1. Which one of A:Gly42, A:Gly58, A:Gly51, A:Gly97 is in contact with a Gly (Cβ under 7 Å, 6 or more places away or on another chain) and at pLDDT below 95?
2. Among the listed residues A:Thr15, A:Thr55, identify the single one that is in a strand (DSSP E or B) and among the hydroxyl-bearing types (Ser, Thr, Tyr).
3. Go through (1) hydroxyl-bearing (Ser, Thr, Tyr); (2) under 12 Å from the mean Cα position of the chain (by Cα); (3) closer than 26 Å to A:Val88 by Cβ for B:Tyr66 and report which single condition fails.
4. Is it the case that A:Thr71 is in contact (Cβ under 8 Å) with a residue 60 or more places away in the chain and more than 8 Å from chain B (Cβ to nearest Cβ)?
5. Give me the pairs: first residue in the range B:78-90 and of a type outside the set (S, T, N, Q), second residue assigned to a helix (DSSP H, G or I) and crowded, with 20+ Cβ neighbours inside 10 Å, beta-carbon distance under 7 Å, and six or more apart or on different chains, which are they?
6. Of all residues in the range A:40-52 being farther than 22 Å from A:Asp26 by Cβ and in a loop (DSSP other than H, G, I, E, B), which is nearest to the chain's Cα centre (by Cα)?
7. Which numbered condition in (1) more than 11 Å from chain B (Cβ to nearest Cβ); (2) under 24 Å from B:Ser93 (Cβ atoms); (3) of a type outside the set (Asp, Glu); (4) in a strand (DSSP E or B) is the only one that A:Met27 fails?
8. State the number of residues belonging to the range A:64-113 that are over 24 Å from B:Tyr36 (Cβ atoms), within 13 Å of the chain's Cα centre (by Cα) and surrounded by fewer than 18 Cβ atoms within 10 Å (Cβ to Cβ).
Amino acid sequence: NAGVTQTPKFQVLKTGQSMTLQCAQDMNHEYMSWYRQDPGMGLRLIHYSVGAGITDQGEVPNGYNVSRSTTEDFPLRLLSAAPSQTSVYFCASSRDGENQPQHFGDGTRLSIL
Amino acid sequence: GDSVTQMEGPVTLSEEAFLTINCTYTATGYPSLFWYVQYPGEGLQLLLKATKADDKGSNKGFEATYRKETTSFHLEKGSVQVSDSAVYFCALSMNNAGNMLTFGGGTRLMVKP
């Protein structure tokens, strides 16, 4: 049971570099989301998708791009990394339906120098 | 905007002690409320939920009651175990799908044998 798989688990970047964080789920879930987790601030929603071809912004979208070309994959792109984007990133997915539980990946710890 | 406030941790208890983690929320409508738990090195897992006022969510000995009059959703457990050591997040969702979560800052629980 793979569930939600995030790669890589750890990454160090230099300011200005670009990178894509991968997220894949094998549960045929319609909804997928990206959150960032910072100390004392809980998780904050970056972008989300309600199905293939449909994405929208969350609470903190600036500096991040997403696309959803398939149901399974929801990559998060940093076009020009900044130190403020140092964080732990979590991808989540859920079924369509009322108050379905979010299934989270194990996270990607990203450091921007 | 919507927000969730949790008591700051860490909370340190001895095994078999009673646990309360306070959570209050601010929302313009009637949210669904959730408790998620994060074990070390893992993503978040849904612990319990309540979708309307006076509902009680329960799971694994944990309980929380949706109190509209006090806008609260406090987490309780009668007898904690060492294996309950984790970070606990209170969250709300304003949409029926529950896939756009607003999280509190998290409370770390440490249970000593």
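The values are calculated or read from the model by the stated rules, or taken from the named source; none is laboratory data. Here the structure is a predicted model, which is why all the values come from computation and not from measurement. Using ideal geometry, Cβ is built from the backbone for each residue, glycine included, and neighbour counts are taken over all protein chains shown.
1. Values: A:Gly58 fails: in contact with a Gly (Cβ under 7 Å, 6 or more places away or on another chain); A:Gly51 fails: in contact with a Gly (Cβ under 7 Å, 6 or more places away or on another chain); A:Gly97 fails: in contact with a Gly (Cβ under 7 Å, 6 or more places away or on another chain).
That would be A:Gly42, the only listed residue that is in contact with a Gly (Cβ under 7 Å, 6 or more places away or on another chain) and at pLDDT below 95.
2. Working: A:Thr15 fails: in a strand (DSSP E or B).
Exactly one residue qualifies, and that residue is A:Thr55.
3. (3)
4. Working: in contact (Cβ under 8 Å) with a residue 60 or more places away in the chain: no; more than 8 Å from chain B (Cβ to nearest Cβ): yes.
Considered against the rule, which asks whether it is in contact (Cβ under 8 Å) with a residue 60 or more places away in the chain and more than 8 Å from chain B (Cβ to nearest Cβ), A:Thr71 comes out as no.
5. none
6. Only one residue tops the list, namely A:Gly42.
7. If we test A:Met27 against (1) more than 11 Å from chain B (Cβ to nearest Cβ); (2) under 24 Å from B:Ser93 (Cβ atoms); (3) of a type outside the set (Asp, Glu); (4) in a strand (DSSP E or B), just (4) comes out false.
8. The number of residues fulfilling the criteria is 3.
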